[in-house]
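Worksheet: the structure to be examined is printed underneath.
We did not get these values from a lab; they are worked out from the coordinates using the rules stated. Since we're looking at a predicted model, the values are computed, not measured. Quick reminder, even Gly has a Cβ in these numbers, built from the backbone with ideal geometry, and neighbours come from all protein chains shown.
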Amino acid sequence: CCWSAYSASGCIGSGRQKGFIFICVGAQDVPPEVLRQREVKWLDMLSNWDKWMVKRHKKVRLRCQKGIPPSLRGRAWLYLSGGKVKREQNRGKFEELDSQAGDPKELDVIEKDLHRQFPFHEMFVSRGGHGQQDLFRVLKAYTLYRPEEGYCQAQAPIAAVLLMHMPAEDAFWGLVQICEKYLPGYYSAGLEAIQLDGEILYALTRRVSPLVYRHLEKHKMEPILYMTEWFMCAFSRTLPWASVLRVWDMFLCDGVKIIFRVGLVLLKCMLGTREKLKACQGQYETMELLRAIEPRYMQEGFLVREVLEVPVSERDVEREHHVQLKRWRKNRGELHCKSPPRMHGARAIMASEPPSRQDLRQNPTIIVESPLPPPQPTPQLKKGEKSKEEKSKKKGSMKKAPTVMEIPNPYPLAGDPQRDPQLPLRDPQLPLRDPQLPLRDPQLPLRDPVPTLRNSTVQQPLVNDTPLPNTPEDSPPPHQPTLNDQSLLTVSPLQKSTQSLSSIEADQDTYL
């Protein structure tokens, strides 16, 4: 996928989960043979996505934890999030939304936020460039798709990360799936959903790291103060780029529990020891520490290993969600935003909306029309029957007989067509006759024993009183000079030899 040229991925380190150990290395350090094998495996999964998700989902999860190959990350994200099925079921919807004008107030806020998203990335570095144009189109289309929700500033980095890996239409449907399935209600007015998840994170911290929980409770630090940007932007503005990609690989596969795990790991690493808590004597110092997380804790190998070891599952998240929802209703009343239920990962999304085989079919990204005509369908042949091409090849392979050159007759008869005098009588490379054959039959006499009429100037040989073959009876015979003809005195030696040879051949023809 050419859209993955803007991204990088990989991790370095090791991790273990449920009894097995695997090594996570950066994409730049993976041998080409191993990377090619991973690409082949992912291509096989994408070609049979429904079967893999139903029967071998654990294998898909493991391969997402190892890291999706950079060349297939955009396509894999679209399949994991369900954006591929959503796009196929709403053909032409994005073009329809893109052609509409949009709300001027929403568009004004979007335009102000375009240059703030990854300003040093080559896609968004130039104002009015193709990256900012596509980002504007995606965000505007979402405000038209969900006008009751509108635009939220935290949606811009989500859409920007998607645009680095896929075209604008695919990024739009990926954004729709994240906002509706993975993080429902996060970007609505009032931010009630993100506050509720903050309470869930606070409760999970009590179970995972009691020391950190007591410190936060002592200084009365509300989760909304430090986790809003983490969760709403899916850590895209917090972690290094390589770690962001690895977290998104697992997040789109397993759902929001990955976001909770990453938050718990950062809290534990920055506030999990007594020595570190001594430097945080108040709320301000604690906030400054959480805003400047040490790079070693955000390194992808270390982070992936720690995330996989955090004992938090979907069931734990849902249990705390129900507990905190009851407490919310008791203290604050009903939620104003009625968001749809949250889906925990790709398998739950596919189960909620079962796709058809046509929806999962892979289509080429770039279609080039060939100038050649389409191939004709080959007819089905019976058993033992050969096609015309095979017959023609067989005929062509046979040795062709040499062509026979036609030699003109140097002594034409009266009825033969006239020859061009400028053309040679014969091919000079060919011999006059076969040297193997004798000049004449030695048993035949030199002269015809039948008497001829010598008194006339025209001699006509006779055989049983019949004219020569090929000679018309009514036409006069060709002129043959006699011994007394004066023309012989002026002829050249070559002509004499030719005439003598002519007489000999005529005698032989007469006897034959």
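If packing is taken as the mean number of other Cβ atoms within 10 Å per residue, what is the order of 104-116, 74-86, highest first?
Ranked by mean Cβ neighbours within 10 Å, highest first: 74-86, 104-116.
Placing a label point 7 Å from the Cα of E222 along the Cα-to-Cβ line, the residues of segment 267-289 whose backbone N sits under 20 Å from it are 282-289. By the beta-carbon count within 10 Å of each Cβ, the least crowded to most crowded order of T286, T238, fewest first, is T238, T286.
For segment 236-329, the square roots a ≥ b ≥ c of the C-alpha gyration tensor eigenvalues yield an a/c of 1.5 or more together with a/b not exceeding b/c, which makes the shape oblate. Between the beta carbons of E275 and E96, assuming R0 = 56 Å, the FRET efficiency works out to 0.45 to the nearest 0.05. Full extension of the chain between K55 and K326 gives 93.9 nm of extra length, using 0.36 nm per residue less the Cα-Cα distance.
Quick one: length gained pulling V125 to D44 fully straight, 0.36 nm per residue minus the C-alpha distance? Show your work: numbers first, answer last.
Values: separation 81, 0.36 × 81 = 29.16 nm, distance 3.62 nm.
Here the segment from V125 to D44 would lengthen by 25.5 nm.
Let me have the relative contact order for segment 2-182, percent, based on Cα pairs under 8 Å that are six or more residues apart. All intermediate terms of the calculation are to be shown ahead of the outcome.
Details: 191 pairs, mean separation 44.8, N = 181.
It comes to 25 percent, rounded to a whole number.
Extension gain, R207-L62: 0.36 nm per intervening residue step, less the Cα-Cα distance, totals 49.6 nm.
With both labels modelled 7 Å from their Cα along Cα-to-Cβ, the Q153 to K105 distance reads 1.7 nm. Total lysine pairs in segment 2-182 at Cα distances under 15 Å, for residues eight or more apart or on different chains: 15.
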